[in-house]
Structures are given as C-alpha cells and as structure tokens.
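Structure, as structure tokens:
Derivation of every value follows stated rules applied to the coordinates shown; laboratory data play no part. Note that this is a predicted model, so its numbers are computed, not measured. Virtual Cβ from ideal backbone geometry, glycine too; neighbours counted across all protein chains shown.
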Amino acid sequence: MNAAEAIAHRANASMAISAWRPFLPLVWLALLGVLALMLAVAIGSVTIAPGEFWAVILGEGSELHRTLIFELRAPRALAGFATGGLLAVAGALMQILLRNPLADPYVLGVSGGASVGALAAMLAGTGTAVLSGSAFAGALLSTFLVFGLAHGTGSWTPARLLLTGIVVASGWGAVITLMLAIGPTDKLPGMLYWLMGDLTYAQTPWPALITLALVCLLVIPLGRSLNVLARGPLQAAALGVAVRPLEWTIYVLASLLTALAVTTAGSIGFVGLVVPHMLRLVLGNDQRLILPACALAGGALLTLADTLARIVIAPEQLPVGVITALLGVPTFLVLLYRSR
Amino acid sequence: MTVLETQDLVIDIPERPDGRALNLRMEPGQTWGILGPNGAGKSTLLHTLAGLKPPRSGDIQLDGTSLSRLRRGTVAQQLGIVFQERQDGFPATVLETALIGRHPFLSPWQLEGGNDLEMAENALEQLELSDLAERSVSTLSGGERQRVALATTLTQSPSVWLADEPTNHLDLRHQVAVMNLLSGQARAGRTVVLCLHDLNLAARWCDHLLLLYPDGEACWGEADSMLKPQALEQLYGQPLTWAEVDGAPVFVPS
C-alpha cells in the first residue's frame, strides 16, 4: 500500500465512522434510560442506598430489599419505561402519517376507545386482567372504526383521517363523561386516576417492552422512507416510495403501540406529543435517529415522572399523567421559545 | 439512456372529452416543451407521464416496458420529476433535502455514503446553493426553494427529467442558468420534458414542442414547425407580435 492508498484507506475508514456519528445521541439517551430505571428502583417509601442496591443486583442483600426491587419496583419501572417509549414512538409515527406536528397518539381516538373499555370493566367490578383486555379491545375497536369510516366511499387523505379521528374521539369523550356521571361514588377515584394515566394497574412490563424493541427494529429500516414521506406523498411516490402501503403500516403500527401503552398504564397525556417534538428541536428530523431516540427518551421521561408521582405526596400517589404534563409543558415551551 | 413513449394516451381531467390521444416518443438528447394555457392539463400530463396519476386510457412506456408494470422504486431510478408545488411540513436543511434524491438507490439499511454526499454537494454547487447548504429550507425564498427542488432531482440524476415550470420564481439570471442546466442534461443523453409558460424560453431551449389545448386537442412536433404565430395565438387566445432575435423567434403579446 503506497502513501496515497493509505490516506485514501484512512479517509474511507473515517468516513464510515463519521456516517454513524449522528447516532451518538442514542448512546447518551440509553445511559439516561438506565439511570432513570436505577433511580426508580432505588427511591421510594424505603430508599435503598447505592451500596445496598449493588448488593441486591449481585444476588445478595436483605429479603425485604429483594422483594421491594424485583417484585414491586422493577416491574413497575420497566412498565413505565415501555409505556413512555411506546407513546413517544407512536406519536412520532402519527405526526409523519398525518404530516401534522400537532398529532399525538390519541388524536385518532385510540385512547378514547380504550378508556371506555377500561371504565366499563371497572364499573362491572372485574379484575385487572379483564380490565386490560377490555381496554385493549376498546382501542382496537376505535382503530378499525376510524380507519373504516375515514376510508368511506371516497379517497383516503390525512385530513379526512384526522377529522374522522377527532370526531370519533369526542364521541368516546361523551361516553366517558356519561360513565363518570352514572358511576358509583366509591369507584370514581380509580376511574379518574386511570383516565389521567396510572401505572398502578401495570401488571407485567414484558409485552410492552418486547413490542417496543421489535417495533424499533422494524421502523429503523423504514426511516429513510418516512423522511421522504414527510415531504408529501407525491414527492415520496416520485422518489420510489410505495406510499399507500407505507401509510397503512404506520397507521396500524402506531395504533397498536398506543393500544398497548394505554392498556398498560391508562391514557397518559403529553409524552407522545412532546417527546418527538423536543427531540426534533435538538436532533433534527431524520426518522432513523428520531424513532429510536423517542423510544429511549420517552421511556426515561415516564420512568422519572412515575418515580416523582410515587414520592411527591407519599404515602399517597399522584397519577403519573399529572407529572408528565407538569414537567412537559414548561420544558417544551422553553425549547420552542429558543428554537429558530 | 431511456426513451419515454406514450401510446394512445388520454390524460384524466374530470368532465373533459378525450380530445386527441397522445402518441409521443421522447428520446434521449431531446428537450421537450409542453405549452398551453392555464387548465389545459400540462401538470396533469406530467404527473401521468411520471406514473403518479393513472391515465384515462392508453399506456406509458419506459424503454418499452409499461410504467404500470414497473415497481415505483425502479421507476424512480430512471425518472425524476420536479413539482410545481412543494410541501415542507417538517424542518430540513438544504443539503438534507437534496440528499433525499438518493433514496431510490439505497437499500433500507444503507446510510448515505460519501458518494451520495458528493453528488448532493455537486448538485448544490451547480445551482449556486452551496452557501445555503446548512440553512433550513423553510427560511429560503421562493426562487431558492425552486433551486433546491431542482438540486434534489439533479442528485437523483435520472435519465428522464420531468419538470413542471422549472423557472417559476426565478430571477432572469437563474432562469437562464436553469434552462442551460436542463438542456445540458439533454446534451448528456438524457430525455428532458418541461412544462413552460414562457414562450421565449421554449423557443430558445426546446427542440420539440407539445401544444395542449383546453378542450383536449393537442399537436406536437419539432420546435421549428410548432412555433407558428397563428397556432400560438389560437393556443393562448391572445394576439402576438413576434420578431427574430439572435436567430430565435421572440413573442410578445400585442
């Protein structure tokens, strides 16, 4: 290898590295996620010191700490992480699908359907397993309803989908109000907490976590197509994107993610709208970066918010949706105010 | 290099009679101009030629293969289109916007490499946009955005160029630069098809013309045979005065 070849070789190697450099923020966000999870597990009614924490992780430590970490706090922290990630990814996908930066996972009425399902189960006095199933069924019902109605007899446009979703969502809203009005007083707090989003009902984090991981793997190769789609369906088609199948894929994926998130923790507001926006303001608008970043940042945000919700007025707990909104609103406004 | 052909093509404009079916053969090295008044169907024809809008009847072929039988991705590797209207819903820089022209050539897991970046930067340079590379497209003027759109298609580097009023919003100097760039593409063996409003740009840079009338009638042929004042006056419903400047006819409304 002569000198010129060596230089060219090195240039190629550094090119390969610099091509991956934009993805460096994912490493930081992953660290943030791990930190948030560790905090969530360590803090609470009984605070676990770092030394004791490591002892438990290494398989030692007291019985009380082991139960606290592995059976109570870790499942809830992981469920919170998964829910936050699902909501943020679903929000980012909806914003691309509707080409509307104001879209969030609930804009098409998925959470309304889920809420009606969940509240009905609560009114009937069923257990949490039936409640989850009922919420998931409500979410899917709403998804198909909106999709079928928006399809109608004419063409299928984002504007029409959005309008159908908003109208269906307000229909669900009316049913929810009706249920709250006629519901027995002793069940009202539980119902209201569920509507605000509450991780107390989270049973197992695994379905949500596994789905989140699978969906991230699925959408990363779609990322560049989504970048092109963000510039309008005609431009996307002109650059070789099969627009209609891609839009259907996004719609089904985003609805499924939202349904799963709502089933896990009720309708937690704001994560799905704000996390994708914050990341776009900071990281730009490459979906290959934004979608996995949403999964990590949304997860970290909700995990931290839930930790706060558990300790702010301990021993009572706040619904986590209150915290996400209280944290999210000012952060978002500051970022927006500072952006060009 | 690619031949774009139509067979008995009737574009689909609602509530308009079929008119004359188009049998065009647009060959590498040719620059076609599509002329016609507002609403004659110039943009619809261009979208139909790109396979983005189904025709009412007839067929469009790229090198003898029907467009409808080709995958969208395959079409996009050969045919590029510059739209008249654009949608910038989400923020993106000028360089990022040009780079999406490489989309048809990359596999889903592939990142844009040094070669793609080089093509995009080269395209920006040709359209005098290098200094704006890191600017957000939403902060640009209409003429600058028009050049960004052209740069995106130049990065795509298709063998068939379709452009809908490529000189829209451009000042005089950039109009000339863009027309030179497009006819340069034709000289390099590509097929170039332009919708134009300016007769004089068409007269100076196009070697073939297609006149589209609002009732669906059409005629086409070599530019010399089409640039007849009577035909053009009838096309636009506007009396014209014309003169010869530097060997090319110049038309002005009388």
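Some notes on this structure:
- DSSP H segments from chain A that extend 24 Å or more along their own axis, Cα-based, with Kyte-Doolittle mean of -1.0 or above: A:3-20, A:24-42, A:74-97, A:128-151, A:158-182, A:243-265, A:287-311, A:320-338
- Taking every Cα-Cα distance in the protein assembly as shown and sorting them into 20 Å bins starting at zero, the pair-distance distribution P(r) comes out as 18, 41, 28, 11, 1 percent.
- Furthest towards positive pole of dipole, B:Asn38, A:Leu260, B:Ala76, structure part the protein assembly as shown, Cβ charges: A:Leu260
- Computed extension length for B:Asp224-B:Ser254: 8.6 nm, one decimal, from 0.36 nm per residue of separation with the Cα-Cα distance subtracted.
- Convex hull projection area averaged over all views, segment B:120-254, Cα basis, nm²: 9.5
- Cα centroid separation - segment B:9-25 against segment B:52-73, whole Å: 15
- For segment A:82-151, the fraction of C-alpha pairs farther apart than 14 angstrom is 64 percent.
- Only Lys, Arg (+1) and Asp, Glu (-1) charged, at Cβ; segment B:67-198 dipole about Cα centre in debye: 620
- Counting every other Cβ atom within 10 Å of each residue's Cβ, A:Asp104, B:Asp164 order from fewest to most as B:Asp164, A:Asp104.
- Shape category assigned to segment A:17-135 from the gyration tensor of Cα positions, a/c cut at 1.5: oblate
- Unit charges at the beta carbon, dipole of segment A:29-338: most positive-side option, A:Leu336, A:Ser170, A:Leu229: A:Leu229
- Between the listed residues A:Phe136, A:Ala103, A:Val116, the Cα displaced farthest toward the positive end of the dipole of chain A, a dipole computed from Cβ unit charges relative to the Cα centre, is found at A:Ala103.
- Surface/4 of the Cα convex hull for segment A:280-340, nm²: 4.5
- For segment A:142-301, the Cα-based Rg and Dmax, in that order, read 17.9, 59 Å.
- GNM result for chain A, Cα springs below 10 Å: residue of A:Trp206, A:Trp248, A:Trp20 fluctuating most strongly: A:Trp20
- With R₀ set to 25 Å, the beta-carbon distance separating B:Asn180 from A:Arg244 gives a calculated FRET efficiency near 0.05.
- The order of A:Ile323, A:Ile96, A:Ile313, going from fewest to most other C-beta atoms within 10 Å of their C-beta, is A:Ile313, A:Ile323, A:Ile96.
- At q = 0.09, 0.10, 0.11, 0.12 Å⁻¹, base-10 log of I(q)/I(0) for chain B (Debye sum, equal scatterers on each alpha carbon): -0.40, -0.50, -0.60, -0.72
- Dipole magnitude for the protein assembly as shown: computed about the Cα centre from +1 point charges on Lys and Arg Cβ and -1 point charges on Asp and Glu Cβ, it is near 1080 debye.
- Near-label residues of segment B:36-58 by backbone N, under 13 Å of a point 7 Å along Cα→Cβ of B:Gln84: B:36-48
- Rg in Å to one decimal, and Dmax rounded to a whole Å, for segment B:95-150 via C-alpha atoms: 11.6, 34
- The Cα atoms of segment A:62-201 define a convex hull whose projected area, averaged across directions, is 9.9 nm².
- With all pairs of separate Cα atoms included, segment A:142-233 yields a Kirkwood hydrodynamic radius of 17.1 Å.
- Compactness of segment A:39-106 is given as radius of gyration and Dmax, 17.7, 53 Å, from Cα positions.
- Cross-link partners for B:Lys53 among the lysines, with Cα-Cα distance under 29 Å and sequence neighbours closer than 8 places in the same chain left out: B:Lys42.
- When the Cα atoms of segment A:29-338 are aligned to their principal axes, the ranges along those axes come out at 63, 46, 35 Å in descending order.
- Footprinting exposure proxy ranking of A:Phe147, A:Phe70, A:Phe270, fewest other C-beta atoms within 10 angstrom first, gives A:Phe70, A:Phe147, A:Phe270.
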